[in-house]
Amino acid sequence: MRRLILLCLALFVTMPAAGTELRVAVAANFTATLERLAELYGPENGVRFAVSSGSSGKHFAQIRQGAPFDIFFSADDQRTADLVASGHAVADSRFAYAEGVLVLWSPDAGRIPDDGAAFLERGDYRRVAIANPRVAPYGIAAEAVMQAHGIDLATRRIVTGQSIGQAFNFVTTGNAEVGLLALAQVIAHERRQGAGSRWLPDAETYPPIVQEVVLLTVAREPEAASAFLDWVRTSETAREIIESDGYRL
């Protein structure tokens with residue numbers, strides 16, 4: 001009987017309290033996927049998610065200034081490493097949750113042909129949107145693809161967004177006809193709006209977009225946050241969702 005009581009007490013201590021809220025900073029490209037994961041995990045584990053979506057650079061600066069997040073899903077692996085080094089994140093919590101995939105996309109179903117490389121090289125578009133390569137890993141990847149196909153990066157036909165989210169908005173609003181974007185954003189958009197046209201550049205033409213997550217040292221709910229991260233890392237269901245949303249694992 002005494003052992004049963006002790007076991008119950010241990011479970012009470014380690015399980016998240018009902019109504020536990022996790023504050024999560026997430027890169028814009030992973031927001032839709034995180035929301036799917038949260039909808040699945042939250043009700044079964046008594047956890048609510050307060051999600052802040054934006055550029056990894058913006059979140060990084062906010063965290064360095066003391067923003068009260070529990071978890072940070074970054075679009076790269078450099079910012080998580082820097083946060084660990086500066087003492088803002090827990091070292092052994094850091095892991096790669098996905099590898100991003102770059103896509104050339106247009107909401108127009110007939111705009112991009114099967115031979116997307118030739119389309120890029122011929123310049124059969126008025127403007128192409130990319131994320132800023134100085135601050136965004138998807139921008140670095142887009143720049144590498146364009147260089148691989150002989151595109152002049154100084155051309156005025158390139159429209160640069162400060163984040164991959166802004167670059168995506170340039171395309172959906174018609175400010176650019178096509179964009180080199182995150183495949184995950186395209187999949188989420190097409191689920192709601194219908195298929196456009198797309199071409200996947202060879203992964204060998206751009207550096208890997210390794211996306212990492214980390215538990216922050218200011219976390220208000222470190223146990224609940226760690227449990228969620230363990231689920232993201234080990235659950236077959238979570239991995240299937242991430243892969244189906246346009247990421248490599």
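The values are calculated or read from the model by the stated rules, or taken from the named source; none is laboratory data. As the structure is a computational prediction, the values presented were derived from the model and not from experiment. No Cβ is skipped: glycine too gets one built from the backbone with ideal geometry, and neighbour counts run over all protein chains shown.
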Enumeration of residues in the stretch 187-221 that are β-branched (Val, Ile, Thr), farther than 30 Å from Gly66 by Cβ and surrounded by fewer than 18 Cβ atoms within 10 Å (Cβ to Cβ):
Thr205
Of the candidates Ile112, Ile140, the one satisfying the condition of being within 23 Å of Tyr247 (Cβ to Cβ), part of a helix (DSSP H, G or I), in contact with a Lys or Arg (Cβ under 9 Å, 6 or more places away or on another chain) and not assigned by TED's automatic domain parsing to the domain that holds Ser74 is Ile140
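Report whether or not Ala50 is modelled with pLDDT of 95 or more, more than 23 Å from Leu249 (Cα to Cα) and of a type in the set (A, V, I, L, M).
Taking the combined requirement at face value, the residue satisfies it.
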Working only within the stretch 148-173, note down all residues that are farther than 24 Å from Ala27 by Cβ and either touching a Lys or Arg at 6+ places or on another chain (Cβ under 7 Å) or part of a helix (DSSP H, G or I) (or both).
Ala148, Arg157
Select, from Ile130, Ile158, the only residue that is among the hydrophobic types (A, V, I, L, M, F, W, C) and modelled with pLDDT of 95 or more.
Ile130
I'd like the residue in the stretch 152-170 that is crowded, with 17+ Cβ neighbours inside 10 Å and of a type in the set (A, V, I, L, M, F, W, C) and, out of all such residues, is farthest from the chain's Cα centre (by Cα).
Ile158
Those residues of the stretch 135-144 which are farther than 17 Å from Phe60 by Cβ and buried (at least 20 other Cβ atoms within 10 Å of the Cβ), in sequence order
Ala141, Ala142, Glu143
Heads up, the helices (runs of 4 or more DSSP H) in the stretch 174-249 (entirely inside) with at least 1 residues that are outside the structural domain of Ala148 (by TED's automatic domain parsing) and hydrophobic (A, V, I, L, M, F, W, C) are 222-234, 236-244
